[in-house]
1. Is at least one residue of segment 89-98 over 19 Å from the mean Cα position of the chain (by Cα) and aliphatic (A, V, I, L, M)?
2. Of the residues that make up segment 71-78, is at least one touching a residue at least 12 places away in the same chain (Cβ under 8 Å), over 21 Å from the mean Cα position of the chain (by Cα) and over 21 Å from LEU208 (Cβ atoms)?
3. Filter segment 175-217 down to the residues that are under 18 Å from GLY92 (Cβ atoms) and not in a helix (DSSP H, G or I) and list them by number.
4. Considering only residues that are touching a residue at least 40 places away in the same chain (Cβ under 8 Å), not in a helix (DSSP H, G or I) and not hydroxyl-bearing (Ser, Thr, Tyr), look in segment 133-169 and name the one that is surrounded by the fewest Cβ atoms within 10 Å (Cβ to Cβ).
5. If ASP12 passes every condition in (1) under 30 Å from GLU193 (Cβ atoms); (2) not assigned by TED's automatic domain parsing to the domain that holds ARG201 but one, which one does it miss?
6. May I ask you to say which residue of GLU57, GLU105, GLU127 is among the charged types (D, E, K, R) and either modelled with pLDDT of 95 or more or more than 30 Å from ILE18 (Cβ to Cβ) (or both)?
7. If a residue has to be more than 19 Å from ILE99 (Cα to Cα), polar (S, T, N, Q) and assigned to a helix (DSSP H, G or I) to count, how many in segment 114-132 make the cut?
8. Regarding VAL94, is this residue in a helix (DSSP H, G or I), of a type in the set (A, V, I, L, M) and either in contact with a strand residue (DSSP E or B) (Cβ under 7 Å, 6 or more places away or on another chain) or closer than 20 Å to SER24 by Cα (or both)?
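The values are calculated or read from the model by the stated rules, or taken from the named source; none is laboratory data. All values derive from a computational prediction rather than experimental measurement. Every residue, glycine among them, receives a Cβ derived from its backbone with ideal geometry; neighbour counts consider all protein chains shown.
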Amino acid sequence: MKGQINPSSVVDEIVAEIEHRIVSGVYRPGQRLVEAELIAEWDISRTSLREAFRILESNGYLKHFPRRGVAVASLSHKDVMDIYQVRAVLEGLVLKLAIENASDELIKKLLELNELMLKAYAVSDLEKYRHYNILFHEEILQASQNIFLISVMHSIHKNVERCMSYLQPGIQNDSNLSHKKIIEAFQKKNAAEAEASRHDRILAMADLVISKIPETE
């Protein structure tokens, strides 16, 4: 971050990087962030770092503890269920709009990405699988052609990534079946079937995440 002229842009970069490390699981829930280490790593001022901490705390990513400093905020059972309930409803809307707008080109793209995911799954390549999975769902999201819904879903996806950090890295056993059902719904133009299937899977994922979080959090 050296050489930046505008102090606010430095703060924005710090916020973005810490947020990325939290949602990607690099920083785990409850992990303490040491000011001195981050200042040395990024060659930034204490003022800029503390302003970034303040923003991240207000956004729910960090929590300040007296005499302990700042740590990654943990999610409660209610937090997780709230996130997944909203996700379940809005992803249903995404699928409905995307299926209404679907073209042969989109279905072909989804089939190609699904094939790439299956190949990554076969060799347990988690990084590639996750990459193609993100592209798969982003294709569907963009096909909704609703810019406000797209913006909201991107924000929800960040919070979903935070929830997923409680799980051990790996590919969920029913992911491939879920993708297959989604593609079939596009091919049959059956939005109701897609919505119901996706809704149930999302709430099942919420239960799985909750089962990994101590009740005290």
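1. Yes; the residues of segment 89-98 include at least one that is over 19 Å from the mean Cα position of the chain (by Cα) and aliphatic (A, V, I, L, M).
2. Looking for residues that are touching a residue at least 12 places away in the same chain (Cβ under 8 Å), over 21 Å from the mean Cα position of the chain (by Cα) and over 21 Å from LEU208 (Cβ atoms), one finds none in segment 71-78, hence no.
3. LYS189, ASN190
4. Out of the qualifying residues, it is PRO169.
5. If we test ASP12 against (1) under 30 Å from GLU193 (Cβ atoms); (2) not assigned by TED's automatic domain parsing to the domain that holds ARG201, just (1) comes out false.
6. GLU105
7. Result for segment 114-132: 0.
8. Working: in a helix (DSSP H, G or I): yes; of a type in the set (A, V, I, L, M): yes; either in contact with a strand residue (DSSP E or B) (Cβ under 7 Å, 6 or more places away or on another chain) or closer than 20 Å to SER24 by Cα (or both): no.
No; evaluated as a whole, the condition is false for this residue.
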